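Here's the structure, in structure tokens; my notes come after.
The values are calculated or read from the model by the stated rules, or taken from the named source; none is laboratory data. Keep in mind the model is a prediction, meaning the values are calculated, not measured. Virtual Cβ from ideal backbone geometry, glycine too; neighbours counted across all protein chains shown.
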Amino acid sequence: MQFSLKRSQEGGSSKAAAPNRRNVRLIKANYIKEFTVIGKGEDPLDLNNCYIDLGLINAREEAALRQAENEAERIGVGVTAEAQSIFDALSKTLPVRWEKTDIVVMNEIRVCSPYLPENVSGGAPAANERVKKVLDSERKRLQARGPGQL
């Protein structure tokens, strides 16, 4: 895989931006259909004119990895698309996590397969009823969409 580097100054000069700040874009070389040389500029690889904030790059990488890990934990392993849809609906309003194929809500309420209101157990009665209500409304919404449209 071959890449091409382009260094540009975009967005004008901002008071918040550093004066020598540059945007670097990586473009796959096979996407370029043609190019025209419009003049010779300064060497973009001249280390005297180039500043890369490695701390910022590392922080962005760590944040992206944490986000990817959090998103991966939200995907059920060995569950149906319907179960994942129910999990996603519950997660919009309540803290949820997977424990094998069970959905654990607020660390105390468990929703077991086949993810019906009668399969909800544990927790305070009011919280339990809230989970059953969300579960029931999500199941009705899924049935209204029809089979195969999850």
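Listing for the model above:
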| item | result |
| --- | --- |
| Considering residues of region 75-94 that are part of a loop (DSSP other than H, G, I, E, B) and closer than 14 Å to Glu138 by Cβ only, the residue farthest from the chain's Cα centre (by Cα) | Thr80 |
| Test: residue in region 22-30 that is outside the structural domain of Lys132 (by TED's automatic domain parsing), farther than 30 Å from Leu135 by Cα and surrounded by 14 or more Cβ atoms within 10 Å (Cβ to Cβ) | yes |
| Candidate set: region 31-59, residues that are surrounded by 10 or more Cβ atoms within 10 Å (Cβ to Cβ) and of a type in the set (S, T, N, Q); chosen: the one farthest from the chain's Cα centre (by Cα) | Asn49 |
| In region 109-130, residue surrounded by the fewest Cβ atoms within 10 Å (Cβ to Cβ) [restricted to those that are among the aliphatic types (A, V, I, L, M) and out of contact with any helix residue (DSSP H, G or I) (no Cβ under 7 Å at 6 or more places or on another chain)] | Ala126 |
| Filtered residue count, region 95-105, keeping only those that are part of a loop (DSSP other than H, G, I, E, B) and either outside the structural domain of Asn128 (by TED's automatic domain parsing) or in contact (Cβ under 8 Å) with a residue 24 or more places away in the chain (or both) | 1 |
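For every residue, the table says whether it meets (1) within 30 Å of Lys100 (Cβ to Cβ); (2) touching an Asp or Glu at 6+ places or on another chain (Cβ under 8 Å); (3) not in a loop (DSSP other than H, G, I, E, B).
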{"residue": "Glu34", "(1), (2), (3)": "no, no, no"}
{"residue": "Glu42", "(1), (2), (3)": "no, no, no"}
{"residue": "Leu45", "(1), (2), (3)": "no, no, no"}
{"residue": "Asn49", "(1), (2), (3)": "no, yes, no"}
{"residue": "Ile57", "(1), (2), (3)": "no, no, yes"}
{"residue": "Ala64", "(1), (2), (3)": "yes, no, yes"}
